[in-house]
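Colleague: Starting off with a structure, shown below.
The values are calculated or read from the model by the stated rules, or taken from the named source; none is laboratory data. For clarity, every value in this text was computed on a predicted model and none was experimentally measured. Cβ atoms come from the backbone with ideal geometry, glycine included; neighbour counts cover every protein chain shown. For the accessible areas, the whole protein counts, side chains as well, though only heavy atoms, and no ligand, DNA or RNA atoms are used. Shrake-Rupley method; radii C 1.70, N 1.55, O 1.52, S 1.80 Å.
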Amino acid sequence: MPFTEPLMLLDAGLRGTLIALLLLLSAILWRDRPRLTVVRTGIALCLGLAVQVLAATPLFEAMVPRIWQAPLVAVSVANAVLFWIFVQALFDDDFVLRPLHIVLWLAVAVLSGLNCAVVAGSSSILTPLLLGVQRGVPLLFAALAALAAARQWRTDLVEQRRRLRAFIVITGIAYTVILLAARLGSPHGRLLGPTATADVLILLLIIATVTVKMLKLGNLDLFPAPRQHALPVSGQLDMVQADEPLSPGSPPISPTPRAVEDDPAEERLAIRLQDLMKQERLYRSEELSLASLAARLQLPEYRLRRLINQRLGYRNFNAYINEFRLTEACTALKDPALRDLPVLSIALEAGFQSIGPFNRAFKIATGLTPTEFRKENMADS
């Protein structure tokens, strides 16, 4: 169905509003925590979506030569890769952007740009294959985003952030699939008339909802904060803030407890939890999970999440467990009597399942590898 003048005006208004909202969301993200990887990938995704909104304008697709559309199409299709990277960064506070992520984004962008500028108008036998790969990219990275979300979602202890993350992932994947289906069912893969307007309206509703939720949630809950001590000492929780970054060789420190109402029952429960973890060393078990720990304490999972998050200050269950593991590992690495014990044995004894995750967690916590940490502390002893 061709555009009527009222529909053209509505479409233009929706696109202008959506682009303005994406720019506003980018500004909000940059204002709060500009150095975080999740913030930077979020801003990149917002800007990529703004380009996509412009590139998908029906008149733009119909009137502008493909060679000029190619850069915008490249960014639009590569948004699928960017969404996958953003989901990983959003769900994992320790996510690190690696060269592989950038290579994948560039590969998809180059493929899509070449398809638009050259391949789509050719009669090459490779045309169906190259176009098929391009159409499969959004589905592939939507599936990868879903897997990344499912892998980390249960360990997130910030309840409101859990719901926001679930909304972002579910709507993001649904939008990707719906958009791909609409383009596959349209002539030359272009969205026409009401379909194009419906596309921008759906995306506008998603982005508006995310923006409102983020403003209500606040950056303190959504993004990581400085880590701080939260360890029980002599029957009380000793809360020591760590405003400065760790210096190399420092032992790991835990996050700051959030301000909560003085509740003696919650305080006793937190002490009981910490004592249980330290005395029985539950953190050494590979079977330990939020569900099993809640069952041990005879608590609902949501209450244990709230306790560890709001009373002890941790945002992620794995970070809470690794705090005990790393503390035990640091103690062993500083012990002269254990100087000949392999690092792998220390890692496994502390509860890590392999040397790779142990090395990564240790380097993040102390700024040194386990071997460097041991050498430095043995030299001081």
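Colleague: Under unit Cβ charges (Lys, Arg +1; Asp, Glu -1), what dipole magnitude, rounded to 20 debye, does region 50-173 have relative to its Cα centre?
Modeller: Dipole size: approximately 160 debye.
Colleague: Please report how far the C-alpha centroid of region 262-322 lies from that of region 331-360, rounded to the nearest whole angstrom.
Modeller: 24 Å
Colleague: Using each residue's phi in region 286-295, evaluate 6.51 cos²θ - 1.76 cosθ + 1.60 at θ = phi - 60° and report the 3J(HN,Hα) Karplus result to the nearest Hz, with x for Gly and Pro.
Modeller: With coefficients 6.51, -1.76 and 1.60, one gets 6, 8, 5, 9, 4, 5, 5, 5, 4, 5 Hz.
Colleague: Taking θ as phi - 60°, what are the ³J(HN,Hα) couplings along region 126-131 by the Karplus curve (6.51, -1.76, 1.60), each to the nearest whole Hz, with x for Gly and Pro?
Modeller: Running phi through 6.51 cos²θ - 1.76 cosθ + 1.60 with θ = phi - 60° gives 7, 4, x, 5, 5, 5 Hz.
Colleague: So for region 9-164, considering every pair of alpha-carbon atoms, how many percent are separated by more than 27 Å?
Modeller: On the way: 3751 of 12090 pairs.
Summing the P(r) tail past 27 Å for region 9-164 gives 31 percent.
Colleague: Write down the accessible area per residue of region 42-116 in Å², having rolled a 1.4 Å probe over the full set of protein chains. The partial results should precede the final answer.
Modeller: Details: 3210 Å² over 75 residues.
Normalised by residue count, the accessible surface of region 42-116 is 43 Å².
Colleague: How many nm is it between the label spots at ILE170 and LEU344, if each spot is 7 Å from the Cα in line with the beta carbon?
Modeller: Here the answer is 4.4 nm between the modelled labels.
Colleague: So, counting K/R as plus one and D/E as minus one, what does the shell of residues with Cβ under 13 Å around VAL77 add up to?
Modeller: Working: positive: ARG135, ARG183; negative: none.
For residues surrounding VAL77, the net value is +2.
Colleague: List the residues whose amide H sits under 5 Å from the amide H of ASN316, counting only those 5 or more places along or on another chain, with H placed 1.01 Å from N in the peptide plane.
Modeller: LEU157
Colleague: Between ARG135 and ASP94, take the C-beta separation as r, use R0 = 56 Å, and let me know the FRET efficiency to the nearest 0.05. Each step should come with its number before you reach the end.
Modeller: On the way: r = 34 Å, r/R0 = 0.60.
Once rounded, the FRET efficiency stands at 0.95.
Colleague: Another question, if that's okay. Nothing charged except the Cβ atoms of Lys and Arg (+1) and of Asp and Glu (-1): what's the magnitude of the dipole of region 257-331 about its Cα centre? Round to the nearest 20 debye.
Modeller: Dipole magnitude for region 257-331 comes out near 120 debye.
Colleague: How much of ASP199 can a 1.4 Å solvent probe reach, expressed as accessible area in Å² and rounded to 10?
Modeller: Counting only protein heavy atoms, ASP199 exposes about 20 Å² to solvent.
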